[in-house]
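Peer 1: Let me give you the structure first, and then I'll get to my questions.
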Amino acid sequence: MSKAIIVGDGPAGLSAALFLAKNGIETTVFGNDKTAMHFAHLRNYLGIPDITGTEFQRVARDQVMSFGAEIVDDMVADIERSDDGFTVITQAGNSYAAKYLLIAEGKGRKQARALGLTETEDGIEVDHDFRTSVPGLYVVGRGTRTGRSQAIISAGHGATAAIDIISTEKGQDFRDFNEVSSD
């Protein structure tokens, strides 16, 4: 059983997947790389002077997979809540279970709406860690701030939610910080 399932493979979903997988949380991402990033040209992403959205997606997907996250090229047809988490059923009929679910589906909010989450005029209602009112369920990225969409903001949402999950699993606050080796 995966510990975390992410619906959506844009900057928010891939950022969450990177932090989770890098820190030992078994992670499965659902998406078919059809994100709006393919229409973007980034010149405002800190640390990356100039990159096309398509190249950004390629690098990000490769990085996420290098840490052990699985990216499944299938769309989510249904999500069911259970006592111990969530079950995702794909359009191909496959079923995946996890303790945590992160929805990073962009401005459409189809899955978030299907789960009956509260919406405001800005998007799905979440707290400062992107937790919804449902335990273990997070919504990150454009679905929470439809009018203020930027790749770097969405990636920050994903990182924030992932750090919250890791902190919950560890039972204490956690920060993902690697120091330069003195070797």
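The values are calculated or read from the model by the stated rules, or taken from the named source; none is laboratory data. No experiment lies behind these values; they were computed from the predicted model shown. Neighbour counts are summed over all protein chains in view; Cβ atoms, including those assigned to glycine, are modelled from backbone coordinates with ideal geometry. Heavy atoms of the whole protein, side chains included, go into the accessibility calculation; ligands, DNA and RNA do not. Shrake-Rupley method; radii C 1.70, N 1.55, O 1.52, S 1.80 Å.
Peer 1: For the structure I just gave you, tell me whether residue 173 is farther than 16 Å from residue 6 by Cβ and of a type in the set (D, E, K, R).
Peer 2: Answer is yes for this residue.
Peer 1: Those residues that are free of Cβ contacts under 8 Å to residues at least 24 places away in the same chain and closer than 22 Å to residue 23 by Cβ, I need them from region 76-99; list them, please.
Peer 2: Matches in region 76-99: 84 only.
Peer 1: So, one more: Residue pairs, Cβ under 7 Å, 6 or more apart or interchain, first in region 61-75 and among the small types (Gly, Ala, Ser), second assigned to a strand (DSSP E or B) and at pLDDT 95 or above. List them.
Peer 2: 69/27; 69/29
Peer 1: Tell me which residues, restricted to region 45-60, are of a type in the set (Val, Ile, Thr) and either buried (at least 16 other Cβ atoms within 10 Å of the Cβ) or outside any helix (DSSP H, G or I) (or both).
Peer 2: Residues satisfying the conditions are 48, 51, 52.
Peer 1: Take residue 27 and decide whether it is β-branched (Val, Ile, Thr) and open to solvent by 50 Å² or more (accessible area, probe 1.4 Å).
Peer 2: So residue 27 fails the test.
Peer 1: Next question, about the same structure. In region 139-156, which residues are without any contact (Cβ under 8 Å) to a residue 60 or more places away in the chain and within 13 Å of residue 15 (Cβ to Cβ)?
Peer 2: 153
Peer 1: Output the number of residues of region 130-168 satisfying the condition of being within 11 Å of the chain's Cα centre (by Cα), at pLDDT below 95 and among the polar types (S, T, N, Q).
Peer 2: Count: 1.
Peer 1: Against the condition closer than 20 Å to residue 105 by Cβ, in contact with a His (Cβ under 7 Å, 6 or more places away or on another chain) and open to solvent by less than 50 Å² (accessible area, probe 1.4 Å), how does residue 136 come out, does it pass?
Peer 2: When the stated conditions are applied, residue 136 does not pass them.
Peer 1: Please go through (1) assigned to a loop (DSSP other than H, G, I, E, B); (2) open to solvent by 80 Å² or more (accessible area, probe 1.4 Å); (3) touching a helix residue (DSSP H, G or I) at 6+ places or on another chain (Cβ under 9 Å) for residue 63 and return the number of the only condition it doesn't satisfy.
Peer 2: Of (1) assigned to a loop (DSSP other than H, G, I, E, B); (2) open to solvent by 80 Å² or more (accessible area, probe 1.4 Å); (3) touching a helix residue (DSSP H, G or I) at 6+ places or on another chain (Cβ under 9 Å), only one is false for residue 63: (1).
Peer 1: Considering only residues that are farther than 15 Å from residue 20 by Cα and assigned to a loop (DSSP other than H, G, I, E, B), look in region 139-170 and name the one that is most open to solvent (accessible area, probe 1.4 Å).
Peer 2: 148
Peer 1: Looking at residue 37, is it without any contact (Cβ under 8 Å) to a residue 60 or more places away in the chain and either at negative phi or buried (at least 16 other Cβ atoms within 10 Å of the Cβ) (or both)?
Peer 2: Here the answer is no, as residue 37 does not meet what is asked.
Peer 1: Moving on to the next point. Taking strands (runs of 3 or more DSSP E) that fall entirely within region 74-132, which contain at least 1 residues that are closer than 12 Å to residue 144 by Cα and open to solvent by less than 20 Å² (accessible area, probe 1.4 Å)?
Peer 2: 100-103
Peer 1: Exactly one of these conditions fails for residue 42: (1) open to solvent by less than 20 Å² (accessible area, probe 1.4 Å); (2) modelled with pLDDT of 90 or more. Give me its number.
Peer 2: (2)
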